[in-house]
Amino acid sequence: PSFTLSNWWLGLIQAHAGRFKESENSILKALELSPIDPELERIYGALYCSYLGQKRYQEALDASDKALQYHPNQGHMLGWRAAALGHLGVEEEAKYALKKYLALRPNLKTRENFRQIFVPNSMLTDPIIEGLVKAGAFDKLNSNRQALFNSIPNIISKSKNIFDNKSANQIDLFSDDI
């Protein structure tokens with residue numbers, strides 16, 4: 001595609017599908033086509049996703065910082081920043097970013113709350129949750145970060161099941177949502 005937002009969408013979809021290097025190429029093409037685009041924060045956000053998926057955490061952090069220059073209180077980007085800092089092991093800065101993120105998202109108090117905000121079936125869910133665990137997002141629920149880290153596959157599986165059930169118009173008779 002030769003349209004900036006087409007490359008952005010393509011790159012974002014590729015990142016969620018786990019095709020991170022292809023995603024990076026598409027997003028960099030979007031930046032090349034429109035280096036002063038009014039939607040640059042979106043493009044940098046997608047670039048963050050690509051870098052995070054490639055475990056290039058410093059570059060992911062740099063991309064999130066560039067996106068935050070345009071909208072400093074963009075909730076999800078502050079969370080992504082906290083996740084990148086968590087992966088980098090910059091604990092104090094990660095906790096500060098996490099505190100700002102949670103101040104904008106007071107509804108995030110339990111693992112279930114966090115589970116509901118992720119894109120179902122995205123290959124980015126694991127690395128974002130892992131980074132948030134490392135940043136201390138769940139310390140109030142369980143101070144054993146290794147146990148939390150080990151429970152991530154279960155969290156994601158439950159989230160996927162909820163999404164699949166909703167997509168199929170099925171209900172869970174044992175759910176609190178009835």
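The values are calculated or read from the model by the stated rules, or taken from the named source; none is laboratory data. It should be emphasised that the depicted structure is a prediction, and the values quoted were computed from it without experimental measurement. Cβ atoms come from the backbone with ideal geometry, glycine included; neighbour counts cover every protein chain shown. Heavy atoms of the whole protein, side chains included, go into the accessibility calculation; ligands, DNA and RNA do not. Shrake-Rupley method; radii C 1.70, N 1.55, O 1.52, S 1.80 Å.
Observations on the structure shown:
- Number of positions in segment 134-146 that are at pLDDT below 85 and either under 20 Å from residue 20 (Cα atoms) or in contact with a Leu (Cβ under 8 Å, 6 or more places away or on another chain) (or both): 4
- Scanning segment 1-23 for residues that are open to solvent by 30 Å² or more (accessible area, probe 1.4 Å) and β-branched (Val, Ile, Thr) turns up just one, 13.
- For segment 32-54, a residue qualifies if it is surrounded by 17 or more Cβ atoms within 10 Å (Cβ to Cβ) and of a type in the set (A, V, I, L, M, F, W, C), and the qualifying residues are 33, 40, 43, 46, 47, 49, 52.
- Residue list for segment 80-111, restricted to those being closer than 18 Å to residue 55 by Cβ and in a helix (DSSP H, G or I): 80, 81, 82, 83, 84, 85, 86, 87, 88, 94
- The sole residue among 81, 56 that is under 13 Å from the mean Cα position of the chain (by Cα), modelled with pLDDT of 95 or more and not aromatic (Phe, Trp, Tyr) is 81.
- For beta carbons closer than 6 Å, sequence separation of 6+ or different chains, a first residue in segment 89-101 that is farther than 14 Å from residue 133 by Cβ and a second that is modelled with pLDDT of 95 or more and open to solvent by 80 Å² or more (accessible area, probe 1.4 Å), there are no qualifying pairs.
- In segment 62-76, residue farthest from the chain's Cα centre (by Cα) [restricted to those that are open to solvent by less than 50 Å² (accessible area, probe 1.4 Å) and within 12 Å of residue 105 (Cα to Cα)]: 74
- In segment 113-138, the residues that are open to solvent by 60 Å² or more (accessible area, probe 1.4 Å) and in a helix (DSSP H, G or I): 116, 126, 134
- So residue 75, is it of a type outside the set (Asp, Glu) and at pLDDT 95 or above: no
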